[in-house]
Amino acid sequence: MVLVRLGRAPYGPVLELQRRLHSLRRERKTPDFLLSLEHEPVITLGRVGRNEDLLLSQDELRRMGVEIYTVERGGAATYHGPGQLVLYPILDLRGLGLGVREYVRQLEEVMIRTGKALAVELFRRPGYPGAWHRKGKVGFIGVYVRGWVTFHGLALNVDLRPNGFAWIVPCGAPGLPVVSLAELSPDGCTLAEVEGLAHSAFSAVFGVELVEISPREVWAWLNRIG
Amino acid sequence: MDLIVPDLGEVEEVTLLRWLKGEGEEVEVGEAVAEVEADKAVFVIESPAAGILRSRRPEGSRVRPGEAIAQVLPG
């Protein structure tokens, strides 16, 4: 599986990259990819997201520099921004012999193991996919699958500044407490540290080897295949 | 031909989220016709045949893998 670390990136171009890689993966022209990044502030509405899930007007949010997207993934409203690790696996579930539910469970497991490495106890809540701590939700999942190839993925709060979840009704659940790993871990943690731990956890949970290439190499290669 | 919700692996029931093609509309083999959701995953159902889409189940229905959500009739 090819790992690409994109650093801090705006939502639109990464969505476009995901859609491109997803379509190429379905045509079997690429291997599986794992995109790893943090986003500039953005609110996305999944398939069951509603405008009422925004607690500020779209104008106000845009003035604050927050972008808003309606996207195809499962779930309702969520926030991405600096201090949150986002992983977008573009992978063929059949290649790994995974069903959709098992896939979601494995994404949860990646976050639970990452928490464990930081001495933060995270767990699943049946019927509420994600990674939970007793103080609130830490990790979020929203997935889209076509032709058994996935995109979108998971988001894990590391040290959110600002905590943009205050501007929305997260996951369609009013009052849902949202917390970050840095406030839960006895020694604190940084995004770079969590990113490394999450990649190791991903590799172990999915049983895949991650081979990193640079974003520049990805773009060059996409340009070559037209 | 029935448009079937495939076996998604350990999923007992899904929500028929939305139709991407209308009742009576022509569809191609492999064309995306519907989206179902389970556990925050949206799964796209593609048409198994070319034809006309009929007898669509309403959006919001709870359906089980193996169940038909519409028919694709020869056009």
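Things to note:
- Sites matching GluC sites (Glu not before Pro) across the stretch A:89-154 that sit in DSSP coil, with at most 14 neighbouring C-beta atoms within 10 Å: A:GLU121
- Per-residue ellipticity at 222 nm, computed for chain A from helices alone with -39500 (n - 2.57) per DSSP H run of at least four residues, works out to -9500 deg cm²/dmol.
- Phi angles across the stretch A:78-83 convert, under the Karplus curve 6.51 cos²θ - 1.76 cosθ + 1.60 with θ = phi - 60°, into 3J(HN,Hα) values of 9, 10, 10, x, x, x Hz, Gly and Pro given as x.
- Springs between Cα atoms under 10 Å define the GNM used for chain A, and in it the highest mean-square fluctuation of A:GLY164, A:GLY142, A:GLY207 occurs at A:GLY207.
- Ranking of B:SER55, A:SER23 by neighbouring Cβ atoms within 10 Å, starting from the fewest: B:SER55, A:SER23.
- In loop segments of the stretch A:1-104 as defined by DSSP, the trypsin sites (Lys or Arg not before Pro) with at most 15 further C-beta atoms inside 10 Å of their C-beta are A:ARG28, A:LYS29, A:ARG50.
- GNM flexibility winner over chain B from B:VAL42, B:VAL33, B:VAL11 (Cα, springs under 10 Å): B:VAL11
- Considering only A:GLY130, A:GLY46, A:GLY147, the mean-square fluctuation computed in a Gaussian network model of chain A, springs between alpha carbons under 10 angstrom, is largest for A:GLY147.
- Counting other Cβ atoms within 10 Å as a rough exposure proxy, the listed residues A:MET111, A:MET1, B:MET1 run B:MET1, A:MET1, A:MET111 from fewest neighbours to most.
- Debye, to nearest 20: dipole size of the stretch A:1-138, +1 on Lys, Arg Cβ, -1 on Asp, Glu Cβ: 420 debye
- Binning all Cα-Cα separations of chain B at 5 Å, short to long from zero, yields these whole-percent fractions: 3, 19, 32, 24, 15, 6, 1, 0.
- Comparing Cα centroids, the stretch A:139-163 and the stretch A:57-76 end up 15 angstrom apart.
- Restricting attention to the protein assembly as shown, lysine pairs at least eight places apart or on different chains and with alpha-carbon atoms under 29 angstrom apart total 8.
- Stokes-Einstein D (µm²/s) once Rh is taken as the Kirkwood radius of chain A over alpha-carbon pairs, at 25 °C in 0.890 mPa s: 139 µm²/s
- Relative exposure of A:THR44, A:THR30, B:THR15, judged by other C-beta atoms within 10 Å (fewest first): B:THR15, A:THR30, A:THR44
Where a number appears in this text, it was derived from the coordinates with a stated rule and is not lab data. Source: prediction; values computed, not measured. Please note: Cβ atoms are built from the backbone with ideal geometry, for glycine as well, and neighbour counts cover all protein chains shown.
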